[in-house]
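Visitor: To start, I am sharing the structure in question, which I have written as structure tokens.
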Amino acid sequence: MTKVDILIVGAGPAGMSAAIEARRHGASVLLLDENAAPGGQVHRAAKPDAVGPGAAQSREGAALMAALRASGAGLHSGAVLWAIEPGPRAFVLQDHAVHEVDAGRVILASGATERALPIPGWTLPGVMGVGAAQILLKSAGLRPRGRVWIAGQGPLIWLYAAQALARGGEIAGIVDMSRITPHALLRLPRALTAPGYLLRGLAWMRAVRQRVPVFRTRDVVVEGDGRLERIHVGGQIHTADTLLLHDGVVPNTQVTRAIQGCEHRWNAAQRAWEPVLDDWGNTLIPGILVAGDGGGIGGAAAASLSGRIAALEAVRALGHLGGAQRDALAAPLMRRRRAELAPRGFLDALFVPLPMPVDEVTLCRCEEVTAGSVRAAAGLGCLGTNQLKAFTRAGMGLCQGRICGPLLHATLAEARGVPGGDVDPLRTRFPTKPLSLGELATLAPSASAASASGKG
Amino acid sequence: MFERVEPPDCTITWQDREIPARAGESLAAALLAAGINRVRVTGMSGAPRGPFCMMGVCFDCLVTVEGEGARQACMVPVVAGMRASP
Ligand code: FES
């Protein structure tokens, strides 16, 4: 049993910033991350001397990692949180053993996952996420080569393509599925109060367009015998060995949805469920806070500020800081966070999630349930995603709805003709990550003597 | 497919085949760099699958590592000489 003032889950921009801030005020901190190294998706393998597209962000990430190392926070990499009990008490799997952590406060900084883009044939090997390819580029130095295509919408497409080209990669073509609407243009003026973000995006796009053919259509079909071999783009056939898909990101709420009483709300602009939070990041469950994209998509800079704000609230709650001091320290951070979020309305309106596919397309990759079966269930009176499990088994596979959840939800809402908020989100259950009986057995009292670290 | 920017520094065994890898990168990255994008078939229909998310979310990359089944290849760091199979 480890005891710590603040347990932080997820070492991306929000989690690292929270850890650094909490240590500054004398709290003991344990920071957990599933990956082999801190950084999260955005600061993965960040370098202090980065150049090229996304370099500023990489340098920020490297600075955060250096500050984290100097902060005295305990960092456990390769550690997976699989349950939280009231207390809060967390159960963590690391090196095949389960550790219990009793914390004064828990800050969940679980980040975002890519919103899946189900198109015909998308389950074939060779089809991956753009975010997945960016992880390969950043953490393993793998650049695209050969017949690599990209399809979908959102800034990450252009950032990844620009980064890949700058590192000598090749991209055969990009299918831009976005559509500019009057609804989005209305939100442009507010976005222009923070023009840096948009200008960076336009610069990536320009650099990429000079070297890669860009097609504008939503008609993309994947074909191949046992793996991706061809794609049809607007009726034209191209050979392809890799297709990278992207339709923005959604908050990773796998853990918060499993906590009894932790309410979530439908964010209509972002078409996603997010935990109900106050300005500080407090959930409705005492002792549990959320910071960063796991509480609603805002990007790395806003996530970092949210991490610091949540840490200030946590150290106040634990008596390391007075309420007035907390408010004074947080005020400029909240102002900066508002400024960072200025372009969001425009981006959300510009990149409205793409429509769900035709009946034949698989939505739930694990249980292999098609859009047609989901629509048929809706026709039989199925109202929500949890009921859908009984109708179709969709969402009951190994990924526990991580990939298909938003797709099942969108398909049901569309079929029923109701707003997303009227269709319940998939309930998740602990353990939120699979664990073996042998691993669970290590929880026996004699075996659970994990050593405390990061004691301030 | 994908190609390495940095040279490999070790080898691992996939099924009966030796493939180059870099210690510390994910097993899924090593497989993809070797041109292997099919790593398993689904239990339901036997459809082929390969790494999709690279961040431990989709479970499409499940493989056997050193005799232990159902490991996420994208979350397992490569160790020189590692043995893995579908
Ligand atoms: S590639 Fe998705 S879990 Fe490994």
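Nothing in this text is a laboratory measurement; each read-out follows from the coordinates by a stated rule. Please read these numbers as outputs of a predicted model, since none were measured by experiment. Note: ideal-geometry Cβ built from the backbone for every residue, glycine included; neighbour counts use all protein chains shown.
Visitor: Return the long-range amide H neighbours of residue A:272 (sequence gap of 5 or more, or a different chain), with a cut-off of under 5 Å between placed amide H atoms.
Guide: A:267
Visitor: So if I place +1 on the C-beta of Lys and Arg and -1 on the C-beta of Asp and Glu, and nothing else carries charge, what would the dipole magnitude of the stretch B:10-85 be about its Cα centre? I want it in debye, nearest 20. Don't skip to the answer; put the middle values down first.
Guide: On the way: 7 positive and 6 negative charges, 28 e Å.
The calculation lands at about 140 debye.
Visitor: Quick one: how many lysine pairs in the protein assembly as shown have C-alpha atoms under 23 angstrom apart, if they're 8 or more apart or on different chains? Kindly include the intermediate steps, with their values, before the conclusion.
Guide: On the way: A:3/A:433; A:3/A:455; A:47/A:138; A:389/A:433.
Taking the protein assembly as shown as the scope, the lysine pair count is 4.
Visitor: Read phi for every residue in the stretch A:213-230 and hand back ³J(HN,Hα) as whole Hz from Karplus 6.51 cos²θ - 1.76 cosθ + 1.60, θ = phi - 60°, with x for Gly and Pro.
Guide: Whole-Hz 3J(HN,Hα) from phi for the stretch A:213-230: x, 10, 10, 10, 7, 10, 9, 10, 10, 9, 9, x, 9, x, 7, 4, 10, 9.
Visitor: Still on this structure: Per-residue counts of other Cβ atoms within 10 Å, averaged by peptide: what ranking do you get for A:253-263, A:220-230, highest first?
Guide: Details: A:253-263: 19.5, A:220-230: 17.3.
Peptide ranking by packing, descending: A:253-263, A:220-230.
Visitor: Dipole of chain A, Cα-centred, from +1 at each Lys and Arg C-beta and -1 at each Asp and Glu C-beta, to the nearest 20 debye? Could you put the intermediate results ahead of the total?
Guide: Numbers: 47 positive and 36 negative charges, 238 e Å.
In total the dipole reaches around 1140 debye.
Visitor: Let me ask something additional. Under 1.5 on a/c is rounded, so check that first for the protein assembly as shown, then, if it is not, pick prolate when a/b is larger than b/c and oblate when it is not; a ≥ b ≥ c are the square roots of the alpha carbon gyration tensor eigenvalues.
Guide: Working: a/c = 1.31, a/b = 1.21, b/c = 1.08.
Cα axes put the protein assembly as shown in the rounded bin.
Visitor: What does the highest-first list of A:6-12, A:397-403 look like by mean Cβ count within 10 Å?
Guide: On the way: A:6-12: 30.3, A:397-403: 23.0.
The peptides rank, most packed first, as A:6-12, A:397-403.
Visitor: Something else about it: Give me the distance in nm between label points sitting 7 Å out from Cα along the Cα-to-Cβ direction at residue A:210 and residue A:265, one decimal.
Guide: Rounded to a tenth, the inter-label distance reads 4.5 nm.
Visitor: Also: If amide hydrogens are placed 1.01 Å from N in the peptide plane, which non-local residues have theirs closer than 5 Å to the one on residue A:194?
Guide: Hits under the 5 Å cutoff: none.
Visitor: Suppose R0 equals 56 Å. What FRET efficiency, 1/(1 + (r/R0)^6) with r the Cβ-Cβ distance, do residue A:66 and residue A:436 give to the nearest 0.05? Let's see the in-between values first.
Guide: Working: r = 37 Å, r/R0 = 0.65.
The calculated FRET efficiency here is 0.95.
Visitor: So in the stretch A:116-247, what percent of DSSP beta bridges are antiparallel if you round to the nearest 5? Walk me through the numbers on the way to the answer.
Guide: Numbers: 8 of 24 bridges.
Antiparallel bridges: around 35 percent, rounded to the nearest 5.
Visitor: Tell me the mean residue ellipticity at 222 nm calculated for chain A from its helices only (DSSP H runs of n ≥ 4, each -39500 (n - 2.57), averaged over every residue, nearest 500).
Guide: -10000 deg cm²/dmol
Visitor: Another one. Among A:226, A:442, A:289, pick out the residue whose Cα is farthest towards the positive end of the charge dipole of the protein assembly as shown, where Lys and Arg carry +1 and Asp and Glu carry -1 on C-beta, about the Cα centre.
Guide: So the residue we want is A:289.
Visitor: Write out the GluC sites (Glu not before Pro) in the stretch A:278-376 meeting two conditions: DSSP loop, and at most 16 other Cβ atoms within 10 Å of their Cβ. List each step's numbers first, then the result.
Guide: Working: sites: A:313, A:340, A:360, A:367, A:368; in loops: A:360, A:367, A:368.
Passing sites in the stretch A:278-376 are A:360.
Visitor: So who's got an amide H within less than 5 Å of the one on residue A:146, skipping anything under 5 residues away but keeping other chains? H placed 1.01 Å off N, in plane.
Guide: The answer is A:170.
Visitor: Between the stretch A:140-163 and the stretch A:233-295, how many Å separate their Cα centres?
Guide: So the two Cα centres are separated by 22 Å.
Visitor: Here's something else I'd like to know. Taking each residue in A:112-119, count the Cβ atoms of any other chain within 10 Å of its Cβ, then average. What number comes out?
Guide: Working: counts 0, 5, 6, 0, 4, 0, 0, 0.
Mean partner-chain Cβ count within 10 Å for A:112-119: 2.
Visitor: Can you pull the mean other chain C-beta count within 10 Å for peptide B:54-67? Intermediate values should be presented prior to the final figure.
Guide: Details: counts 12, 14, 7, 12, 14, 9, 8, 1, 2, 0, 0, 0, 0, 0.
If you average over the peptide's residues, the count of other-chain Cβ atoms is 6.
Visitor: Considering only C-alpha atoms, what is the centroid distance from the stretch A:55-91 to the stretch A:8-51, in Å?
Guide: Their Cα centres are 4 Å away from one another.
Visitor: Peptide B:1-12: average number of partner chain Cβ atoms within 10 Å per residue?
Guide: Details: counts 9, 16, 9, 5, 8, 3, 1, 0, 0, 0, 0, 0.
Taking all residues of B:1-12 together, the mean is 4.
Visitor: Oh, and also: Return the sequence-ordered ³J(HN,Hα) values of the stretch B:79-85 in whole Hz as given by the Karplus equation 6.51 cos²θ - 1.76 cosθ + 1.60 applied to θ = phi - 60°, using x for Gly and Pro.
Guide: Per-residue couplings from phi come out as 10, 3, x, 4, 10, 9, 7 Hz.
Visitor: Using the Karplus curve 6.51 cos²θ - 1.76 cosθ + 1.60 with θ = phi - 60°, what ³J(HN,Hα) values do you get for each residue of the stretch B:42-56, in whole Hz, with x for Gly and Pro?
Guide: Karplus values, whole Hz, x for Gly and Pro: 6, x, 6, 10, x, 6, x, 9, x, x, 10, 9, 6, 9, x.
Visitor: Taking a ≥ b ≥ c as the square roots of the eigenvalues of the Cα gyration tensor of the stretch B:10-85, is the shape rounded (a/c under 1.5), prolate (a/b larger than b/c) or oblate? Please report the intermediate quantities before stating the final value.
Guide: Numbers: a/c = 1.71, a/b = 1.51, b/c = 1.13.
Prolate shape, in that a/c is at least 1.5 and a/b is the bigger ratio.
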